[in-house]
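Chemist: Before anything else, here's the structure in question.
The values are calculated or read from the model by the stated rules, or taken from the named source; none is laboratory data. On a predicted model such as this, the values are computed, not experimentally measured, just so you know. For neighbour counting, all protein chains shown are included, and Cβ atoms are generated from backbone atoms with ideal geometry for every residue, glycine included. With ligands, DNA and RNA removed, areas are computed over all heavy atoms of the protein, side chains included. Shrake-Rupley method; radii C 1.70, N 1.55, O 1.52, S 1.80 Å.
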Amino acid sequence: MTDAQRQLAEKLTAARKVVALSGAGLSAESGVPTFRGDGGLWRNHRPADLATPEAFATDPQLVWEFYNWRREKVLSVEPNPAHHALTELERSLPAFCHITQNVDALAHRAGGENIIELHGNLMTTLCSACREAQPHAPVIVPFPTYCEHCGALVRPGVVWFGESVTQFEPALAAMNECDVLLVIGTSAVVQPAASLATIARRQGAFAAEFNLEATPLTDRIDLFIAGPAGRTLPPVVQAAFA
Ligand code: BJW
Ligand code: ZN
């Protein structure tokens with residue numbers, strides 16, 4: 001354990017309300033590709049061609065296939081020690097909220113409960129016109145199907161560029177109330193998720209960041225813990241609640 005890990009463990013032991021804000025780096029050790037950086041999805045695919053409402057309107061089949069590939073990937077992997085450490089943290093604290101940008105539901109599969117999926121969920125679908133959720137639609141089908149209500153094309157239930165994130169108000173409330181914020185595996189370049197961390201810090205929360213490298217947030221947080229979260233987070237949680 002480093003001094004930074006020990007210091008954070010003490011803060012967690014004393015905390016009442018803790019928030020974790022996560023990104024693709026949390027699932028990287030499970031084998032889910034990140035978006036930016038080496039091997040990132042946006043290295044080989046242009047976001048504008050795949051992750052915008054305009055892309056879906058232009059070529060729904062291409063977008064659907066990209067998401068089917070992502071769904072198959074996620075179904076073939078397991079939560080990693082960082083996901084499990086967050087579940088243990090949730091069970092050890094009076095109040096805990098995990099705000100994730102990830103659409104892979106691995107935190108749920110690790111047993112996490114109070115989770116806000118800011119960018120939606122890969123395994124859900126909604127109507128591209130009336131936005132009704134499609135509870136009966138099978139997700140991994142080769143072609144996008146048609147809405148049960150209005151007949152328009154069904155799309156993946158994720159948040160694309162230019163769209164509003166889901167559950168922003170409860171995420172904001174959690175940031176305004178927490179004593180400790182953990183920022184895990186996000187490049188902190190996509191808004192409004194990135195600005196949520198600043199809100200917690202401004203109201204006096206102690207903020208720690210887990211990442212392989214510095215991000216635009218690093219200068220504005222209290223502790224930076226370098227390394228893969230699956231290795232650096234579990235010992236902190238264990239030390240806090242052993
Ligand atoms: C590890 C690790 C390990 C690796 N351990 N760490 C200009 C300025 C400001 C804002 C805008 C702008 N132009 C447009 C905007 C708004 C736009 C935006 O922010 N764009 C920026 C890119 C510039 N935002 C939006 O459009 C959002 N909506 C919105 O703002 O609504 C209001 C509005 C309406 C109309 C017009 C404008 C505004 C919606 C954003 C939706 C993002 N969607 C995606 C795709 C989701 C579906 C899908 O999965 O396909 O969400 S994009 C992608 O990025 C995905 C992610 O959730 C998101 C964030 O990425 P994340 O999680 O941070 O991953 P990476 O890969 O970037 O980083 C991984 C990190 O992990 C790295 O730091 C690694 O070092 C680290 N790491 N292994 C620890 N083992
Ligand atoms: Zn519809």
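Chemist: So Met1 clears everything in (1) open to solvent by 30 Å² or more (accessible area, probe 1.4 Å); (2) under 21 Å from Val165 (Cβ atoms); (3) not in a helix (DSSP H, G or I) except one condition, right? Which one?
Modeler: With respect to (1) open to solvent by 30 Å² or more (accessible area, probe 1.4 Å); (2) under 21 Å from Val165 (Cβ atoms); (3) not in a helix (DSSP H, G or I), Met1 is out only on (2).
Chemist: Is one or more of the residues making up the range 137-158 open to solvent by 10 Å² or more (accessible area, probe 1.4 Å), closer than 27 Å to Asn44 by Cβ, away from ligand 1 (no atom under 12 Å from the Cβ) and in contact with a His (Cβ under 6 Å, 6 or more places away or on another chain)?
Modeler: Checking the range 137-158: not a single residue is open to solvent by 10 Å² or more (accessible area, probe 1.4 Å), closer than 27 Å to Asn44 by Cβ, away from ligand 1 (no atom under 12 Å from the Cβ) and in contact with a His (Cβ under 6 Å, 6 or more places away or on another chain).
Chemist: Related question: From the set of residues in the range 18-60 that are in contact with a Pro (Cβ under 7 Å, 6 or more places away or on another chain) and more than 16 Å from ligand 2 (Cβ to nearest atom), which is most open to solvent (accessible area, probe 1.4 Å)? It would help to see each step written out before you state the result.
Modeler: Let us first name the residues in the range 18-60 that are in contact with a Pro (Cβ under 7 Å, 6 or more places away or on another chain), namely 29-30, 39-41, 60.
Checking the rest, the ones that are also more than 16 Å from ligand 2 (Cβ to nearest atom) come to 29-30, 39-41.
Values: Glu29: 82, Ser30: 18, Gly39: 63, Gly40: 0, Leu41: 9 Å².
Per the stated criteria, the residue is Glu29.
Chemist: Here is a further query. Scan the range 42-74 residue by residue and report those that are free of Cβ contacts under 8 Å to residues at least 12 places away in the same chain and within 17 Å of the chain's Cα centre (by Cα).
Modeler: Trp42
Chemist: Next up: What are the pairs, 6+ residues apart or on separate chains, where a residue within the range 180-200 that is over 18 Å from Val18 (Cα atoms) and in a loop (DSSP other than H, G, I, E, B) has its Cβ under 7 Å from a residue that is of a type in the set (D, E, K, R) and open to solvent by 10 Å² or more (accessible area, probe 1.4 Å)?
Modeler: From residues that are over 18 Å from Val18 (Cα atoms) and in a loop (DSSP other than H, G, I, E, B), the pairs are Ser187/Arg36.
Chemist: While we're on this one: Check whether at least one residue in the range 53-74 is among the small types (Gly, Ala, Ser), modelled with pLDDT of 95 or more and out of contact with any Phe, Trp or Tyr (no Cβ under 9 Å at 6 or more places or on another chain), and report yes or no.
Modeler: Of the range 53-74, the ones among the small types (Gly, Ala, Ser) are 55, 57.
Subset that is modelled with pLDDT of 95 or more: 55, 57.
Filter once more, keeping what is out of contact with any Phe, Trp or Tyr (no Cβ under 9 Å at 6 or more places or on another chain): 57.
The answer is yes, given that some residue of the range 53-74 is among the small types (Gly, Ala, Ser), modelled with pLDDT of 95 or more and out of contact with any Phe, Trp or Tyr (no Cβ under 9 Å at 6 or more places or on another chain).
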